[in-house]
Amino acid sequence: ELKVEQNPLFLSMQEGKNYTIYCNYSTTSDRLYWYRQDPGKSLESLFVLLSNGAVKQEGRLMASLDTKARLSTLHITAAVHDLSATYFCAVDGNQFYFGTGTSLTVIP
Amino acid sequence: EAGVAQSPRYKIIEKRQSVAFWCNPISGHATLYWYQQILGQGPKLLIQFQNNGVVDDSQLPKDRFSAERLKGVDSTLKIQPAKLEDSAVYLCASSSRDRARFGTQYFGPGTRLLVL
């Protein structure tokens with residue numbers, strides 16, 4: 001079974017700081033997705049990464065994919081309170097699996 | 001553009017009862033997904049439809065769960081009989097392309113099921 005692990009599971013950071021969320025997966029795949037979920041709400045697509053070395057940026061978030069290392073990162077630059085949410089990565093191998101999620105709280 | 005619609009939004013049933021959820025995808029989206037999200041976990045794909053055909057149902061507990069997508073538009077997910085561990089949020093998503101062509105998925109608001 002494909003395993004998708006995110007680190008950290010919980011992250012509390014101050015506004016203005018930078019941090020990185022890691023997504024490790026256990027199978028060969030060159031398709032990885034990042035989603036955001038606000039409390040009690042549904043999922044919102046953030047990034048679709050389709051090849052080794054892919055990098056995408058939107059506002060204060062930047063995602064990258066290293067298929068050889070089976071690793072994706074979501075980098076947060078100069079965090080603001082509005083980024084508080086749970087972030088999921090999802091890998092499309094033989095099956096489609098979501099990671100465990102990272103709950104991010106940005107403290108003013 | 002209207003988003004993915006789901007109903008009901010909330011449902012409380014007793015174990016061994018049956019329940020059905022409905023999903024209307026974004027107009028024109030050929031691919032439809034059903035997910036189960038247990039509290040504190042990531043969503044788990046239950047079934048994927050391409051038009052009205054099943055593409056992936058490898059994680060669907062077929063002894064109690066069933067899903068259909070008649071006419072390639074709306075879809076229903078049924079649980080019969082429900083167990084306590086089925087308490088979760090059931091999410092429907094749709095995309096304009098299938099997974100092989102890297103479609104972005106758009107999620108509905110979900111149906112929160114509580115089995116007592």
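With a 1.4 Å probe and all protein chains left in place, how much of the accessible area of the range A:4-107 comes from carbon and sulfur atoms, in whole percent?
48
Taking 0.36 nm per intervening residue step and subtracting the Cα-Cα distance, what contour gain separates residue B:52 from residue B:97 on full extension?
Going from the current span to full extension adds 14.8 nm.
When we measure straight from the Cα of residue A:68, which lysines land under 21 angstrom away, once same-chain ones fewer than 8 places off are left out?
Cα-Cα hits under 21 Å: A:3, A:56.
With springs only between Cα atoms under 10 Å, which of A:31, A:70, A:60 fluctuates most in a Gaussian network model of chain A?
Per the Cα network of chain A with a 10 Å cutoff, A:60 tops the list.
For the range B:1-79, which trypsin sites (Lys or Arg not before Pro) pass both filters: DSSP loop (anything but H, G, I, E, B) and at most 13 other C-beta atoms within 10 Å?
In loop regions of the range B:1-79 (DSSP not H, G, I, E or B), the sparsely surrounded trypsin sites (Lys or Arg not before Pro) are B:9, B:15, B:16, B:62.
Would you mind counting up the charge near residue B:64? Only other residues with Cβ under 12 Å from its Cβ, with Lys and Arg at +1 and Asp and Glu at -1.
For residues surrounding residue B:64, the net value is +2.
Using a 10 angstrom cutoff on alpha carbons, build the Gaussian network for chain A and name the most mobile of A:44, A:15, A:58.
Result: A:58 has the largest fluctuation of those listed.
What full-extension length gain, to one decimal in nm, is calculated for residue B:64 and residue B:104 as 0.36 nm per residue of separation minus the Cα-Cα distance?
Value of the extension gain: 11.5 nm.
What full-extension length gain, to one decimal in nm, is calculated for residue A:95 and residue A:20 as 0.36 nm per residue of separation minus the Cα-Cα distance?
Between residue A:95 and residue A:20, full extension yields 24.4 nm more.
So which of B:11/B:83; A:17/A:41; B:15/B:78; B:11/B:62 end up more than 23 Å apart, counting from Cα to Cα?
Violating the 23 Å limit, Cα to Cα: A:17/A:41.
Where in the range B:1-18 does the amide nitrogen come within less than 20 Å of the point 7 Å from the Cα of residue B:84, taken along Cα to Cβ?
Within reach of a label on residue B:84: B:11-18.
What quantity of accessible surface, computed with a 1.4 Å probe and excluding non-protein components, is buried in total between chains B and A, in Å² to the nearest 100?
Summing both sides, the interface buries roughly 1500 Å².
Below 14 angstrom from the Cβ of residue A:69, what's the summed charge of the other residues (Lys, Arg +1; Asp, Glu -1)?
Residues close to residue A:69 contribute a combined charge of -1.
Measure of size requested: the Rg and Dmax of the protein assembly as shown, with Cα atoms as the atom set and Å as the unit; please supply both.
Cα-based Rg and Dmax for the protein assembly as shown come out at 17.5, 51 Å.
Using alpha carbon centroids, what distance separates the range B:3-75 and the range A:5-32, in Å?
28
Can you work out the accessible area per residue across the protein assembly as shown, with the rest of the protein chains kept in place, probe 1.4 Å, in square angstrom?
Ligands and nucleic acids excluded, the figure is 49 Å² per residue.
The values are calculated or read from the model by the stated rules, or taken from the named source; none is laboratory data. Remember, predicted model here, so these are calculated numbers, not experimental data. All Cβ positions, glycine included, derive from the backbone under ideal geometry; neighbour counts span all protein chains shown. Just so you know, the surface numbers come from the protein's heavy atoms only, side chains and all, with ligands and any DNA or RNA stripped out. Shrake-Rupley method; radii C 1.70, N 1.55, O 1.52, S 1.80 Å.
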